[in-house]
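One structure is given below, encoded as structure tokens.
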């Protein structure tokens with residue numbers, strides 16, 4: 001028997017019988033449920049469910065038909081993902097390489113279930129690194145007219161059949177139009193000091209203030225910079241004896257760790273966005 005693994009995401013107003021109804025739909029179609037996680041957000045009375053199941057390919061149409069019949073009755077929002085279709089991710093970078101290198105290594109080691117469609121940068125410095133991993137590199141220089149730069153991004157995304165973008169320390173601000181066009185498909189990493197330490201050299205600013213905890217945040221990029229729904233966060237305690245150089249290295253370590261963890265959550269379809277807020281299952 002040739003089975004295909006699928007992931008079903010559901011969210012809808014909370015009501016009785018949702019778990020039973022979902023399992024019945026899957027069982028009737030002959031699906032074997034491997035994993036199921038659910039959560040009810042009581043404050044907004046909304047139910048979230050992620051189900052992983054295996055099924056004969058020809059029977060997936062039956063599941064789609066059953067879910068569609070429930071869609072209007074239950075005010076159901078749903079997505080179905082075929083795990084044999086590998087997401088294609090573009091990595092946007094500037095000059096800093098630690099996040100990029102970590103993503104490429106984790107992909108090579110099989111940790112991240114995706115393909116990196118391309119690397120896009122406003123500098124040429126990291127082209128050789130991308131080449132060593134066999135990932136196409138595109139140099140798109142900064143331009144005062146942001147539309148010129150972003151139109152080139154659109155061309156690259158189309159040419160490379162890219163599904164989503166990771167900003168791996170890309171030090172340019174994307175326009176509101178661009179982030180809206182690719183809403184919840186642009187993932188950004190930044191240090192956890194915002195808004196306390198904005199601008200250049202945030203780790204140097206933090207060191208001078210005697211910061212005791214540093215962190216990193218991965219979020220979806222939206223029009224309001226730094227305010228997108230959060231996918232993943234982590235922290236690191238800072239010993240009193242660290243130098244500026246050691247603090248910067250601690251920051252790099254937590255940034256790359258948090259970014260790869262967030263991307264893995266997204267690739268495994270564990271991230272739900274509802275009412276400007278994330279729910280991770």
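Selection of first residues in segment 142-168 that are on the phi > 0 side of the Ramachandran plot and of second residues that are surrounded by fewer than 16 Cβ atoms within 10 Å (Cβ to Cβ) and at pLDDT 95 or above, restricted to Cβ pairs under 6 Å at least 6 apart or on distinct chains, gives an empty result.
Restricting attention to segment 126-142, the residues that are surrounded by fewer than 17 Cβ atoms within 10 Å (Cβ to Cβ), assigned to a helix (DSSP H, G or I) and touching a strand residue (DSSP E or B) at 6+ places or on another chain (Cβ under 7 Å) total 2. Cβ-Cβ distances below 9 Å connect the following pairs, each with a first residue in segment 230-250 that is free of Cβ contacts under 8 Å to residues at least 24 places away in the same chain, a second residue that is part of a strand (DSSP E or B), and a separation of six or more residues or different chains: 236/213; 236/214; 236/215; 236/216.
Looking at 166, 140, 238, just one residue is at pLDDT 90 or above, in the same structural domain as residue 120 (by TED's automatic domain parsing) and farther than 27 Å from residue 118 by Cβ, and that residue is 238. All of 255, 245 fail the test of being closer than 30 Å to residue 83 by Cβ and in a helix (DSSP H, G or I), apart from 255. If the condition is being surrounded by 17 or more Cβ atoms within 10 Å (Cβ to Cβ), touching a residue at least 24 places away in the same chain (Cβ under 8 Å) and in a loop (DSSP other than H, G, I, E, B), then segment 186-210 contributes only 192. Taken across segment 66-79, residues that are touching a helix residue (DSSP H, G or I) at 6+ places or on another chain (Cβ under 7 Å), within 30 Å of residue 115 (Cβ to Cβ) and assigned to a helix (DSSP H, G or I) do occur, with at least one present. For segment 65-83, the set of residues classified as over 14 Å from residue 4 (Cα atoms) and at pLDDT 95 or above consists of 77, 78, 79, listed by residue number. Residues that are in a helix (DSSP H, G or I) and either surrounded by 15 or more Cβ atoms within 10 Å (Cβ to Cβ) or in contact with a strand residue (DSSP E or B) (Cβ under 6 Å, 6 or more places away or on another chain) (or both) within segment 41-58 comprise just one, 57.
The values are calculated or read from the model by the stated rules, or taken from the named source; none is laboratory data. Everything quoted here is computed from the prediction, not taken from an experiment. Neighbour counts run over all protein chains shown; Cβ positions are idealised from the backbone, glycine included.
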